[in-house]
1. How far apart, in nm, are the 7 Å Cα→Cβ label points at D20 and A167?
2. How far apart, in nm, are the 7 Å Cα→Cβ label points at R54 and Q345?
3. State, in angstrom, two size descriptors of the range 285-335 derived from its alpha carbons: Rg to one decimal place and Dmax to the nearest whole number.
4. Given +1 on the Cβ of Lys and Arg, -1 on the Cβ of Asp and Glu, and no further charges, what dipole in debye does the chain carry about its Cα centre, rounded to the nearest 20?
5. Between E285 and A119, what length in nm is gained on full extension when 0.36 nm per residue of separation is reduced by their alpha carbon distance?
6. Taking the chain on its own, what percent of its Cα-Cα pair distances exceed 27 Å?
7. Gaussian network model of the chain, Cα springs within a sub-10 Å range: biggest mean-square fluctuation belongs to which of G44, G337, G157?
8. Using 7 Å Cα-to-Cβ label points, what is the Q233/S72 separation (nm, one decimal)?
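Every read-out reported here was derived from the displayed coordinates using simple, explicitly stated rules and does not represent laboratory data. Predicted, not measured: the structure shown is a model, and the values here were computed from it. So basically every Cβ, Gly included, is an ideal-geometry build from the backbone, and we count neighbours across all protein chains shown.
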Amino acid sequence: MARLECSLFSPGVIDEVGRDDIIELARSMGEPAVSIYLPVGLYGEVTHDKTVLRDLMTQARLELGEDGYEPSRIKELLQLPERLLGDDTFFTQGMRGMAVFCGTGQDRVLKLPVAPEPAYSVAASPWVVPLLSVLEGAGDFGILWLDLNDVRLYRAGRFSMTRLPLAGVDVSIEDVLPEEDRQAHLSARAEGTARTSRVAVFHAKGVGEERAKRHEERFLELLAAELAPHLAQWSAPLVVAGVGELAASLAGRLSHAQVAAVRLEGSPSRADEREVHRRAWEAVEPIMTAGHRAAVARYAALAGTGFTTFELEEVSAAARDGRAESLLVASTRPAWGRRLSGTSQVELHEYAVIGDVDLVGSAVGDALASGAEAYLAAAGEVPFAPVGAILRY
């Protein structure tokens, strides 16, 4: 499991949940496996979060007792969440939620950047489907933060942004100004000029708007050329964020395949990183989530042709055999049951009994392991439940 170099929520503490984590958990077997999900920090009180966790543990403890497990075994199973209850600092690390997995021989806590519904399960394998919400829009994109006095490049994801070095790039217009204009610029900044206009710093010493505009355009031309080697390594989308027309002007000079411009208000040097990231994500989200929308449209187009199915046992078999191209999961609610040995049939139960797994989660793990995609569909987005599959053949 990868650890982010920097997170907008809390530097260095949010664990990045990837498809490999979901595959590993979905294929882990334990008797029993306990899964606990809860939001964190919604009310700003550690006491509240710990109360929610304690309540979920109580429910899991009661279910384990009803299944016939001895109190000593139950205590052993719930050691990890019990330790979390004694650690106030754990709940103040900037996360939005957590998932706790016990009983599979590899107890784990995943700190989540999204807030799940509080819930638990006791089964023969971990309950993984709620983790799909973290994968939505997964992948990297770039943010080029354009301030005439401080250009920055970030590698970003839906929940994070990490600053990258820009060796060999002039990151300030001062680096390319003629000497007399550089002195005027420095003098204006020293006098405390902090106007929002992109040319305000030049006006203070009479450099003139037209002359300032030429210097600005020259800087953007040089910047685009110097950025080219850095951006040549990127196939991911890029968002240029800057004041006024700066972002669009630089974006038009870049040859990057997918580039969008975001217009900021006020001085970018005073902009909040969270706000810049939020605006950048809004700009790039249609690109990052295009696979999800394409899968929904493709399912609708192929319905009735034999290349789709929403029968759980057919979805399960296709995922296991590598025939699933994409899964669309319409509900995070578990589908408790088991595969019947030696057949493609499944046996469903209203409530989990000993030996049951979440058949949807199992199919998700198999599909992801075969290279397929799995998306958590929004309410009303698909006409079936709990899961449908687009088939390769």
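1. Here the answer is 2.6 nm between the modelled labels.
2. Calculated label separation equals 4.8 nm.
3. For the range 285-335, the Cα radius of gyration and maximum Cα-Cα distance read 12.1, 33 Å.
4. Details: 39 positive and 56 negative charges, 114 e Å.
Magnitude of the dipole: close to 540 debye.
5. On the way: separation 166, 0.36 × 166 = 59.76 nm, distance 2.85 nm.
56.9 nm is the gain from fully extending E285 to A119.
6. On the way: 45515 of 77028 pairs.
Within the chain, distances greater than 27 Å cover 59 percent of Cα pairs.
7. G44
8. Taking the two extended label points, one gets 5.6 nm.
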